[in-house]
Amino acid sequence: MIEDKPRDKLSEVIGTFSNQFAQLEALTARGVFSDLTMRQVSYLETLGKMNKPGITDLAGELRLSKPSVSLIVDKLCRKGYVHKKPDENDKRRFRVLLTSRGLELNKMHQSMHNRLAEHLTKVLSDIEQEMFVTLLDKVIQSLK
């Protein structure tokens, strides 16, 4: 049986990059935010990009069910990263907002992304950076 060497190499590179990136993120959040999983950090990052979403909006953005998002939000509330505020127009609904702790986490997480981008600009030429962005965008779009 002949190996699919390009696919095997791609799989290896993706695995290495994922592990390195996860380690960098873990080091960034170690200590102050050690009570969060990387998935929860991702949820908070998504929430931070939205404008006071309701559970339904957040569920749509995360591509999860409303009951799952309700559980996630409740857990993040207990940990002090988000709070629920009654919707001004419909008191039966809630808006989900980041607390100061959630905002601090997102700021630190964005800083980590900026450091990675800075590193990439140092090791990749301008043309390689454009290709990298184009290829990543293509992959991201295919996953949606």
- Message: Quick check on this structure: which one of ARG78, ARG95 is out of contact with any helix residue (DSSP H, G or I) (no Cβ under 6 Å at 6 or more places or on another chain) and surrounded by 12 or more Cβ atoms within 10 Å (Cβ to Cβ)?
- Response: ARG95
- Inside the stretch 34-50, can you point out the residues that are part of a loop (DSSP other than H, G, I, E, B) and out of contact with any Lys or Arg (no Cβ under 9 Å at 6 or more places or on another chain)? SER34, THR37, MET50
- Scan (1) modelled with pLDDT under 95; (2) loosely packed, with under 15 Cβ neighbours inside 10 Å for the single condition SER100 breaks and write down its number. (1)
- Message: For THR134, only one of the following conditions fails: (1) farther than 28 Å from LYS75 by Cβ; (2) in a strand (DSSP E or B). What is its number?
- Response: (2)
- Item | Pairs where the first residue, in the stretch 68-81, is of a type in the set (Val, Ile, Thr) and the second is surrounded by fewer than 14 Cβ atoms within 10 Å (Cβ to Cβ), C-beta under 9 Å, 6+ apart | VAL69/THR56; ILE72/ARG39
- Task: Being surrounded by 12 or more Cβ atoms within 10 Å (Cβ to Cβ) and over 19 Å from PHE21 (Cβ atoms) is the filter; apply it to the stretch 103-125 and report the residue that is modelled with the lowest pLDDT.
- Result: GLU104
- Task: Sort out which residues of the stretch 17-33 are under 18 Å from VAL82 (Cβ atoms), of a type outside the set (Phe, Trp, Tyr) and either at pLDDT 70 or above or in a helix (DSSP H, G or I) (or both), and write them in order of number.
- Result: ALA29
- Task: Identify all residues within the stretch 108-144 that are among the charged types (D, E, K, R) and within 19 Å of the chain's Cα centre (by Cα); write none if there are none.
- Result: ARG115, GLU118, ASP137, LYS138, LYS144
- Has the stretch 71-82 got any residue that is within 18 Å of the chain's Cα centre (by Cα), at pLDDT 95 or above and in a strand (DSSP E or B)? yes
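The values are calculated or read from the model by the stated rules, or taken from the named source; none is laboratory data. This is a predicted model, so every value here is computed, not measured. We place every Cβ from the backbone using ideal geometry, glycine too, and count neighbours over all the protein chains shown.
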